[in-house]
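Report on the structure given below.
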Amino acid sequence: MATNHDLATSPADEHVDVAVVGAGLAGLTAAATAARQGDRVAVLSHGPPGGRAHTTERDGYRFNQGPHALYTGGAGMAVLRELGIEPTGGPPSTGEGRLLVDGELRQLPASAASLASSRWLSLRSRGQLATVLGRLGKWDLEELGHRSGADWLDDLGLRPDADAVLRTLARVTTYADDMASISADVVVGQLRQPNVRYLDGGWQQLVDALSGGLQPRTARATGLSRDGQGWLVTTDAGGVGAVRASAVVLAAGSPAACRALLPTDPGWGELGPASTAACLDLGLRRAPEPPIIFGADEPLYLSTHCPPADLAPAGGAVVQVMRYGARSAELDRPALHELARRAGITDDDVATQRFLAGMVTCSAVATPARGGLAGRPGMAATGAEGVYLAGDWVGPVGHLADASLASGRAAGAAAADLASRAQALAPILHSSSFELLSQSAASLNRPGAVQASGMATSLMKDQA
Ligand SMILES: Cc1cc2nc3c(=O)[nH]c(=O)nc-3n(C[C@H](O)[C@H](O)[C@H](O)COP(=O)(O)OP(=O)(O)OC[C@H]3O[C@@H](n4cnc5c(N)ncnc54)[C@H](O)[C@@H]3O)c2cc1C
């Protein structure tokens with residue numbers, strides 16, 4: 001089994017088993033998965049390790065890149081646990097949260113208890129919401145994949161105040177403002193898992209745990225080419241040469257970044273639009289009251305991430321403010337500061353702050369035109385055998401980081417499997433084994449895969 005130390009010292013221009021492009025959650029998960037299977041792994045990333053999950057420290061305050069909450073019942077958590085990672089942190093104080101509706105701060109009906117006591121909603125509206133939230137588990141997600149979130153919400157026929165609450169919860173759980181673009185399976189799937197955890201030390205906790213001792217090489221991958229010995233990943237970084245690998249995972253953060261590296265057009269067709277946000281990260285000298293405000297009138301969010309998570313010096317707080325659907329910085333920055341004022345935050349409270357314009361929360365949302373999550377490109381949909389995809393737009397499982405972690409795991413396992421078989425056969429085969437092995441792996445996705453795979457193996461034996 002390769003250790004993380006082995007991984008860190010794999011020199012450039014040498015053959016590793018698996019090359020990973022991108023050191024965000026998807027790439028790091030793929031690398032960790034492959035390393036666990038005993039393969040030598042090299043990770044290339046031109047940005048800081050963690051990508052969008054990177055945490056920055058400022059004056060003792062730790063800022064994620066905008067608000068980051070880990071869905072504790074999601075596919076990502078299952079992947080982390082499989083890798084032996086149990087993230088620490090705490091849940092938000094939603095019970096004390098407020099909804100900004102018609103210009104007023106009202107009790108946030110985020111749970112059965114707070115819904116019952118949200119007397120600003122009529123009894124009928126509370127009943128409607130209780131019915132919808134109670135029935136979430138009954139909807140058929142496969143069928144909902146062909147409908148938009150907007151259609152699903154419209155068809156519920158809720159009273160206006162109940163509708164405003166549900167749309168707010170849908171936005172907060174999906175990070176998507178445009179319900180007409182996103183498929184309803186994502187909306188209902190996210191509403192089904194309301195429990196989140198804010199992480200001690202920020203999402204860097206996940207990045208560090210996934211990385212282990214691995215030091216991603218700072219280099220931008222520029223292309224992929226294949227010869228008889230496997231894949232060659234070229235880079236544009238001086239001093240960092242090309243990496244030769246039996247299998248490659250592309251986890252470059254967006255469809256466009258991955259497509260640019262592939263030798264041929266993978267034929268994905270039209271993917272969903274990116275969802276975006278503008279963020280204001282605040283390091284405060286005290287925790288605000290109320291700790292949470294979700295906007296119903298405007299797609300706005302404010303939540304105190306510390307406490308509960310450990311992100312600030314003693315007595316301090318970290319508050320994340322966000323607008324779903326980024327516009328210009330000139331419009332978004334004042335809107336976020338205004339929301340902070342609604343939470344009673346004054347200039348004197350602010351020890352440090354950071355504004356982030358135009359952040360990409362999901363690089364391509366699942367759409368009804370593609371049948372929802374099931375219609376996203378699969379991790380093997382590269383048109384290049386031995387090259388796999390991972391990211392928040394890949395595979396049928398999960399949304400946001402859940403998708404990155406789930407596809408990272410799947411791609412890392414597939415790449416490691418291919419690389420391990422190449423490694424096992426290398427001593428007895430000449431250089432053309434790679435193509436045969438790749439064809440064998442590709443055939444596993446087709447009917448008659450077992451026979452095809454067996455045929456490829458016997459062909460390899462013939463060549464030995
Ligand atoms: C404001 C905001 C809030 C969010 N909140 C949540 C949340 O609460 N819960 C949740 O689950 N998710 C959340 N997300 C989404 C989550 O951050 C992402 O889904 C996840 O981090 C994406 O990981 P990734 O590895 O797929 O992509 P990225 O993090 O984008 O990583 C891609 C990496 O590839 C590198 N790269 C790109 N091209 C190349 C190349 N050619 N060569 C080498 N390296 C390359 C980049 O530098 C980057 O490091 C949020 C995102 C944002 C922006």
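The values are calculated or read from the model by the stated rules, or taken from the named source; none is laboratory data. Quantities reported herein were computed from a predicted structural model and do not represent experimental measurements. Don't worry about glycine lacking a Cβ; one is built from the backbone with ideal geometry, like all the others, and counts go over all protein chains shown.
Look at (1) outside any strand (DSSP E or B); (2) within 15 Å of the ligand (Cβ to nearest atom); (3) touching a Ser or Thr at 6+ places or on another chain (Cβ under 9 Å) and you find that Ala403 fails only one, number (3). Residues satisfying the criterion are absent from the range 316-333 (criterion: over 17 Å from Leu302 (Cα atoms), part of a strand (DSSP E or B) and at pLDDT 95 or above). Selection of the range 276-328 for residues being acidic (Asp, Glu) and surrounded by fewer than 22 Cβ atoms within 10 Å (Cβ to Cβ) yields Glu289, Asp297, Glu298, Asp310.
Does Ala150 satisfy the condition of being assigned by TED's automatic domain parsing to the domain that holds Ala184 and more than 29 Å from the chain's Cα centre (by Cα)?
Answer is no for this residue.
Restricting attention to the range 380-400, which residues are more than 12 Å from the ligand (Cβ to nearest atom) and small (Gly, Ala, Ser)?
Result: Ala380, Ala381, Gly383, Ala384, Gly386.
Across the range 329-350, which residue is farthest from the ligand (Cβ to nearest atom) among those that are among the small types (Gly, Ala, Ser) and touching a strand residue (DSSP E or B) at 6+ places or on another chain (Cβ under 8 Å)?
Ala343
Just checking, does the range 288-308 include any residue being within 18 Å of Met379 (Cβ to Cβ), over 20 Å from the mean Cα position of the chain (by Cα) and part of a strand (DSSP E or B)? No.
Scan the range 21-42 for residues that are in a strand (DSSP E or B) and more than 9 Å from the ligand (Cβ to nearest atom) and the total you get is 2. Within the range 206-221, being in contact (Cβ under 8 Å) with a residue 40 or more places away in the chain and closer than 11 Å to Leu25 by Cα holds for Leu206, Val207, Ala209, Leu210, Ser211. Just one of the numbered conditions (1) more than 11 Å from the ligand (Cβ to nearest atom); (2) part of a helix (DSSP H, G or I) is not true of Gln353: (2).
Apart from one condition, Ala410 fits all of (1) surrounded by 24 or more Cβ atoms within 10 Å (Cβ to Cβ); (2) in contact with a Leu (Cβ under 6 Å, 6 or more places away or on another chain); (3) not in a loop (DSSP other than H, G, I, E, B); the exception is (2). One residue stands out among those in the range 345-389 that are within 20 Å of the chain's Cα centre (by Cα) and among the basic types (Lys, Arg): the one that is farthest from Val321 (Cα to Cα), which is Arg370. I'd like the full set of residues that are of a type in the set (A, V, I, L, M) and closer than 14 Å to Val360 by Cβ, limited to the range 321-339. Residues satisfying the conditions are Met322, Ala326. The combined condition, being of a type outside the set (S, T, N, Q) and surrounded by fewer than 20 Cβ atoms within 10 Å (Cβ to Cβ), is fulfilled by Gly241.
So, in the range 45-76, of the ones that are assigned to a loop (DSSP other than H, G, I, E, B), small (Gly, Ala, Ser) and surrounded by 23 or more Cβ atoms within 10 Å (Cβ to Cβ), which residue ends up modelled with the highest pLDDT? I'd like the intermediate steps shown before the answer.
Residues of the range 45-76 that are assigned to a loop (DSSP other than H, G, I, E, B), as a first pass: 46-49, 54-55, 59-60, 64-69, 72-74.
Applying the additional criterion that residues be small (Gly, Ala, Ser) yields 47, 60, 66, 69, 73-74.
Filter once more, so that each one left must be surrounded by 23 or more Cβ atoms within 10 Å (Cβ to Cβ): 69, 74.
On the way: Ala69: 98, Gly74: 95.
Checking each candidate, the answer is Ala69.
Of the helices (runs of 4 or more DSSP H) that lie entirely inside the range 146-252, those containing 2 or more residues that are more than 16 Å from the ligand (Cβ to nearest atom) span 149-156, 160-174, 184-191. Among the residues making up the range 375-401, a single one is closer than 18 Å to Ala180 by Cα and surrounded by fewer than 23 Cβ atoms within 10 Å (Cβ to Cβ): Gly375.
Given the residues Pro109, Pro194, which is the only one that is in contact (Cβ under 8 Å) with a residue 24 or more places away in the chain, surrounded by fewer than 19 Cβ atoms within 10 Å (Cβ to Cβ), of a type outside the set (Gly, Ala, Ser) and more than 19 Å from Gly272 (Cα to Cα)? Break it down into steps so the answer makes sense when it comes.
Values: Pro109 fails: surrounded by fewer than 19 Cβ atoms within 10 Å (Cβ to Cβ).
Checking each option against the conditions leaves just Pro194.
As for the range 162-179, it holds no residue that is farther than 26 Å from Ser275 by Cβ and without any contact (Cβ under 8 Å) to a residue 40 or more places away in the chain.
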